[in-house]
Amino acid sequence: MTTIRHHLSDELLGAYAAGDLPEAFGLVVAVHLSMCDECRARSMTLETLGGAVLDTGEAVPMGEGALGAAMARLDALMQEPKAAPKRRTGVPAPLAEYIGGDLDAVRWKSVGKGVKQAILPTDRLASARLLRIPGGVAVPDHGHKGLELTLVLQGAFSDGTGRFGLCICLAATEAPLRFKGLMPRLAQPFFRI
Amino acid sequence: MLRISGMMFDAGTISQTGGRGEPDHYVAGKATNSGVGRQLATNGQEADWAACMLRVRDHGDRAAFAALFNHFAPRIKGFLMKSGTPAAMAEDCAQDVMATVWQKAHLFDPAKAGVATWVFTIARNRRIDALRKSRRPEPEDLDWGPGEEAPDQADVYAAEEEARELGRALQALPAAQKALIERAYWGDRSHGELAAETGLPLGTIKSRIRLALERLRREMGRD
């Protein structure tokens, strides 16, 4: 894995903790947290604060018989057994889940100049894609004007002045027509490409 | 590990929130045989939810589950209603969340998160599923890897203790600041909408949230 050069903003982590991020941005955050202990610790603190908000918030009484219904329901609910540890792949678990394995499982499609991409299945508020950019190729302009959050998974990435190697990165991009409001103010990309 | 820096997220209107609701009622009669009766008889703030959760996880203890249900279900319902969920749907979701607490009890690890934190994450995910028909990717599990010792018994409840400390600090905030933080978690409201609702400029709202969090950090004594 590459060195973490940028940390996630508190704003982005806050939205992730609150469950407000489109799935594609949530995926980039989850992959980053899998690789960055510092951001994970901040993220856990923000979840703890969410727990405190829930616990100290207003308790609205449940309907009559709610406890009885819940207890009756337990009979039909099996308690799940302790899960076996998941098989590790070469990529962080949240990403492996979306590509169905490690990077070898990715079905790349060429987008020209040797650059390949694979769109990952997420909700339509934003889109997530893997990009594979060969060494020596100038950074492609994929003509996107909205917010973008990009995480380098493998290789080096430089914005133009020299060193280029094969670079594989994960990028979430806003779907401008579908999502307004919060995201433009969360803009803190790792790299803009 | 608790660290609250100048985080920012979206928030709703600034307003006073409701009280803590009715005191909890426990099924004390059912609980006395389970050995958690003493804990269940105390009030909600001091009850040992982690001990209840471990009894659910390790023994399928129904009395412990009932105690958790009585405390958390109304709070989940209240939380979801604040998030804009209609009452009937919030009630159903609270039932679902508690069912998940039972089913996925094996995932509860007191060394990683307190019970309120864990319940919050389940409720939040249920809301994403119910309102947006979407999901939230989770980071890779942190396992106690080979060569790493599981935490000492004394450290097992550290997460619960920290969560309580944070809860007390949140309660100690001035009402308007507490409300700002709460609304950030109720979710799906942009600063822009808040600006429109209150007539306050965006910059003012953001700096007020920042002030609230700075104060919270001071309350925690972790400057």
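If each residue's Cβ is checked for other Cβ atoms within 10 Å, how do A:ASP102, A:ASP10 rank with the fewest at the top?
Fewest to most other Cβ atoms nearby, the residues stand as A:ASP102, A:ASP10.
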Along Cα→Cβ, 7 Å out, is where each label goes; now give me the distance between the ones at B:GLU197 and A:SER110 in nm to one decimal.
-> 5.2 nm
Counting other Cβ atoms within 10 Å of each Cβ, which GluC sites (Glu not before Pro) in segment A:24-81 have at most 14 and sit in a DSSP loop?
-> A:GLU64
Fewest Cβ neighbours within 10 Å first, please rank A:THR56, A:THR45 accordingly.
-> A:THR56, A:THR45
When you look at the Cβ of every residue in A:70-77, what mean number of other chain Cβ atoms sits within 10 Å?
-> 5
Just flag the trypsin sites (Lys or Arg not before Pro) in segment A:1-74 sitting in loop per DSSP whose Cβ has no more than 11 other Cβ atoms within 10 Å.
-> A:ARG5
Once phi is turned into ³J(HN,Hα) by the Karplus curve 6.51 cos²θ - 1.76 cosθ + 1.60 with θ = phi - 60°, what whole-Hz value does each residue of segment B:176-185 show in order, with x for glycine and proline?
-> 5, 6, 4, 4, 4, 5, 4, 5, 4, 8
Label points 7 Å out from Cα along the Cβ direction at B:ASP58 and B:GLU161: separation in nm?
-> 1.9 nm
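Bear in mind that the values in this text are calculations on the coordinates, not laboratory data. Given the structure is predicted, the values throughout are model-derived calculations rather than measurements. As a convention, Cβ positions derive from the backbone with ideal geometry for all residues, glycine included, and neighbour counts pool all protein chains shown.
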